[in-house]
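As structure tokens, the structure follows; a few thoughts come after it.
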């Protein structure tokens, strides 16, 4: 059996496709490929790089910070020409990114925050995203009535959206928050949201006009609860953030209560990171691509009025 | 010859694998890369040494990943609350040891199979970690001398490797040179005979589980220092790889039995394989498949011992 294992390993290694001579070697590290948004970003970056004829090593940290750091370390040792971090953890991997910077390996991050050792972060302005959806939701309610909230404080983006919503609610006192569920767990989060929001919806049945969810995944769980409890489209407004084909399908679906989302262009961000690195490797100064630590992309509010057809995107 | 292959076949297979990687993977044998591989293996090995000790006593500790996380979170919370880091680290380690005591009491006093008891304690540890953090990571703000424990070096040797060396030497001395170590092995291999020989097997099993939790706690602290951060899932991923390392170790040196040298080899193979596959440009899912195959083959060698450890022999 040991011989079998050795042979299998040898065969696997021998099957490694050789890189085109002189191709740019790009390492992409996605923090959690099982999260749709991370996968969309990383896969788009990979496709964009392969379109350029680059050799891509795509890694998944599977939500593990130690793995994340080790994978960046391994890419530095591999001698890649550039690195993209999708929803990475630059603060936790500071030592590894410093090693990359010391070897003059450019690193561009996507929705990861900034670091002195990376060039810039391709992102949307989460404060703007939070403001777009918050003001939109209150507008639908004519700034009167009660809402429920499904929050998540464990992610910088969703946390900011929640804080922005707090400010909007402070300024608009005609809308009251009847109940809030804060999602804590990251692994069994769907169960967490289901249990928490089901209880809130039952407790406040007939008293709320809208539900604010910090991201679409939460909103989908809530949508299913509302449909199961007999709510009809328009009876309750339900919003999220992220966008994606499932979000658009629900907005089109006459039975769904999912009303609107702010679609974040994850694919475009992955592509932008690769394009930026292409420019950097060609000698374009970083400041000509973006002057500051961020390269901001636009997020689009999508509702029934501008929802794209199946398979289409709003940009 | 057959006996030699039986004892050292896995070592030879590992050497063949490393030779193959050295031949095919660019930079695999670069001194800096080898240092990184050993450093990356050291975190897992610290945890896996404890897992091995529990298994030697005939018990399976499935809480190690979550206990490591709890130690990390307790330490980080106290550091962020302004407490001196030695006190914070002591508290983190104490929390881990307490989990070990609870595991031990559940298994020896209440006769709960270790598979169930440690799984439950792991879930409790996760709950406490989320209670402390609210799901949010502690990043930055760790004192430099604490961070140095994970990022510093002793000459060219990274400090995590030094901690592992000290732990391995201590564990080896305990197992090979003390009566307690002999009792540990006897309890795991033949509990009834050990009881008849006058060994307090309940006390020894409790000791095995406390040592396992202690090593997990140490792993959590070293990780926290190395990453200068903590989160409520920081070491949870280590359980499966820890098991894989120990199982792989059980196929060699003392085939069918948990042993420290084998465990060390197992962690080196896992870290080396991850590093080598990245250097070769394999995507993340190939690494998952490779790890799964290692576990599958290893379990084939160790099935009987594991079944007894999981569901209990005499206590």
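Values for this structure:
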read-out	value
Theoretical FRET efficiency, 1/(1+(r/R0)^6), r = Cβ-Cβ of residue A:172 and residue B:296, R0 60 Å, to 0.05	0.55
Förster radius 30 Å - calculated FRET efficiency between residue B:19 and residue B:240, Cβ distance, rounded to 0.05	0.65
Residue-averaged 222 nm ellipticity for chain A, from DSSP H runs of 4+ at -39500 (n - 2.57), nearest 500	-14000 deg cm²/dmol
Cα→Cβ-extended label distance, 7 Å offset, between residue A:143 and residue A:294, nm	2.7
Segments B:216-224, B:36-44 sorted - mean Cβ within 10 Å per residue, highest first	B:216-224, B:36-44
Residue-averaged beta-carbon neighbours from other chains (10 angstrom radius) around B:225-238	5
For chain B, calculated [θ]222 nm from helices alone, where every DSSP H run of n ≥ 4 adds -39500 (n - 2.57)	-26000 deg cm²/dmol
FRET efficiency, residue A:191 to residue A:315 (Cβ-Cβ, R0 56 Å, nearest 0.05)	0.95
Inter-label distance, nm, simple model (7 Å from Cα along the C-beta direction), residue B:148/residue A:180	4.2
Cα centroid separation, region B:197-276 to region A:99-160 (Å)	37
DSSP bridge pairs, chain A: antiparallel proportion in percent, nearest 5	5
Rounded if a/c under 1.5, otherwise prolate or oblate - region B:1-131, Cα gyration tensor axes	oblate
Choice from B:84, B:158, B:255 with maximal GNM fluctuation in chain B (Cα, 10 Å cutoff)	B:84
Degrees separating the helix A:126-140 axis from the principal Cα axis of chain A, which is the longest one	20
Where labels lie 7 Å past Cα in the beta-carbon direction, separation of residue A:227 and residue A:203 in nm	2.6
Selected from A:51, A:67, A:298 as most flexible by GNM, with chain A as the system and alpha-carbon contacts under 10 Å	A:51
Geometric extent, Cα atoms of the protein assembly as shown - Rg, Dmax (angstrom)	26.1, 84
Degrees separating the helix A:2-14 axis from the principal Cα axis of chain A, which is the longest one	90
Residue order, fewest to most surrounding Cβ atoms within 10 angstrom, among B:142, B:51	B:142, B:51
Shape of region A:126-264, Cα gyration tensor, a/c cut at 1.5	rounded
Rounded to 10°, Cα long-axis angle of helix A:156-171 versus longest principal axis of chain A	30
Whole-angstrom gap from region A:247-269 to region B:118-138, using each part's C-alpha centre	33
Tail weight of P(r) past 14 Å, computed on alpha-carbon pairs of region A:235-307, percent	65
Within a Gaussian network of chain B (alpha carbon springs, distance under 10 Å), most fluctuating of B:55, B:227, B:239	B:227
Percent antiparallel among DSSP beta bridges (both partners in the protein assembly as shown, rounded to 5)	15
P(r) of chain B over all Cα-Cα pairs, binned every 10 Å from zero, in whole percent	7, 27, 34, 23, 8, 1, 0
Residue order, fewest to most beta carbons within 10 Å, for B:237, A:288	A:288, B:237
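Every number here is computed from the coordinates shown, using simple stated rules; none is lab data. Keep in mind it's a predicted model, so treat the numbers as computed, not measured. Positions of Cβ are generated from backbone atoms using ideal geometry, with glycine treated the same way; all protein chains shown enter the neighbour counts.
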